[in-house]
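What follows is calculated from the coordinates using simple rules that are stated; it is not laboratory data. Keep in mind that this is a model prediction, so the values were computed, not measured. With ideal geometry, Cβ positions are generated from the backbone for all residues, glycine too; neighbour counts draw on all protein chains shown.
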Amino acid sequence: ADLAAFLALHDYGLTVIGLPKTIDNDVYPIRQSLGAWTAAEHGARYFRNVVAEHNANPRMLIIHEVMGRNCGWLTAATAADYRKLLDREEYVPGLGLSRANLDVHAVFIPEMAIDLAAEAARLKAVMDKHDNVNIFISEGAGVEAIIAEMQAKGQEVPRDAFGHVKLDAINPGKWFGEQFAKMLGAEKVLVQKSGYYARAAAANPDDLRLIKSCTDLAVECALRREGGVIGHDEDRGGVLRAIEFPRIKGGKPFDIATPWFRDLLAGIGQPEGVKVHVAH
């Protein structure tokens, strides 16, 4: 957007075309950003391997931390894709191969409030029954609570050059692990991050189709000298078009009222939390 504005200001006859590539899927007003579907699929595959550790120790708590500073779409989509993987598998509970041990037991995202006490009580029942608990958490979930705790202890909150909290430094997954370990009586906590593994994956078929439709239109727009960011414009009925640069911005929150997310929560027995306003 800045490049397009600079070129226009100085009368350069160049057309700027952008493509929305962020696995967070948090760009206004674009419905689906390139690579997000792929990241969700590979994050699910990643956890399918990690969860094999569920019986390596009694009362195991496994936390899957997923990328997403201010948007929980990727965490939610990864959990949904993971459960689809489980749908295709066969189980032998008598031999310790039970879906209940592999399933997602909780999903925590920035856009939904977390009642730690209530969730701890619910998840302790899961732990007591199945001997392990698996939690999917967005790296941006619970950040305000972590910051408040650090400040109360007089600790400095690490920030980057843009003033953003350094999520890798405050480590939300570890913090949640410590909180729930005590309340669930976990004997071992395993925190794993699918981040770069998922982000670096080659595009899957769904993304390849999206990429082709976007790049085909990008070439057409360039030939007729129409600049903008290519994407399905949610403010214009979802039409694929070159969206005007001034209308593009990050920080689009995930809508927790999305039907498939509500189905996910219902499927794992997690109550829907109160909607939280997430500031970018």
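Tabulated values for the structure
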| item | result |
| --- | --- |
| Neighbourhood charge, 14 Å Cβ-Cβ cut-off, centred on Asp207 and excluding it, Lys, Arg +1 and Asp, Glu -1 | +2 |
| Share, in percent, of DSSP beta bridges within the chain that are antiparallel, nearest 5 | 35 percent |
| Top of Arg247, Arg224, Arg262 by mean-square fluctuation, Gaussian network on the chain, Cα under 10 Å | Arg224 |
| 5 angstrom amide H check on Lys188, placed H, neighbours 5+ away | Leu61 |
| Of Arg88, Arg31, Arg122, the one that fluctuates the most in a GNM where the chain has Cα springs shorter than 10 Å | Arg88 |
| Computed label-point distance, nm, for sites Met150 and Lys188 using a 7 Å Cα→Cβ extension | 2.9 nm |
| Cα-based Kirkwood hydrodynamic radius, region 1-153, one decimal, Å | 18.0 Å |
| For the chain, Kirkwood radius (reciprocal of mean inverse C-alpha pair distance, Å) | 20.3 Å |
| Student exercise, region 128-278 dipole from Lys, Arg, Asp, Glu Cβ charges, in Debye to nearest 20 | 260 debye |
| For the chain, with +1 on Lys and Arg beta carbons and -1 on Asp and Glu, the positive-most of His232, Leu9, His42 along the dipole | His42 |
| Residues Phe136, Phe47, sorted so that the one with the fewest Cβ neighbours within 10 Å comes first | Phe47, Phe136 |
| Using alpha carbons only: equivalent-ellipsoid semi-axes of region 79-197, gyration tensor based, whole Å | 30, 17, 12 |
| Normalised contact order of region 37-80, rounded percent, pairs of Cα under 8 Å and 6 or more residues apart | 53 percent |
| Backbone N within region 120-151 under 13 Å of label point (7 Å from Glu178 Cα along the Cβ vector) | 146-151 |
| Residues His164, His54, sorted so that the one with the fewest Cβ neighbours within 10 Å comes first | His164, His54 |
| Mean separation of Cα contacts under 8 Å, 6 or more apart, over the residue count of region 174-253: relative contact order % | 16 percent |
| Order of Met150, Met67 - criterion: other Cβ atoms within 10 Å of each residue's Cβ, fewest first | Met150, Met67 |
| 0 to 90° range, to nearest 10: angle between helix 36-50 axis and the chain longest Cα axis | 20 degrees |
| Within the chain, helix-based [θ] at 222 nm, where runs of 4 or more DSSP H residues each add -39,500 (n - 2.57), nearest 500 | -12500 deg cm²/dmol |
| Positive-end extreme of charge dipole, the chain - chosen from Gln32, Leu19, Ile137 (charges on Cβ) | Ile137 |
| Taking region 142-280 and dividing mean pair separation by its residue count, relative contact order in percent (alpha carbons under 8 Å, at least six apart) | 10 percent |
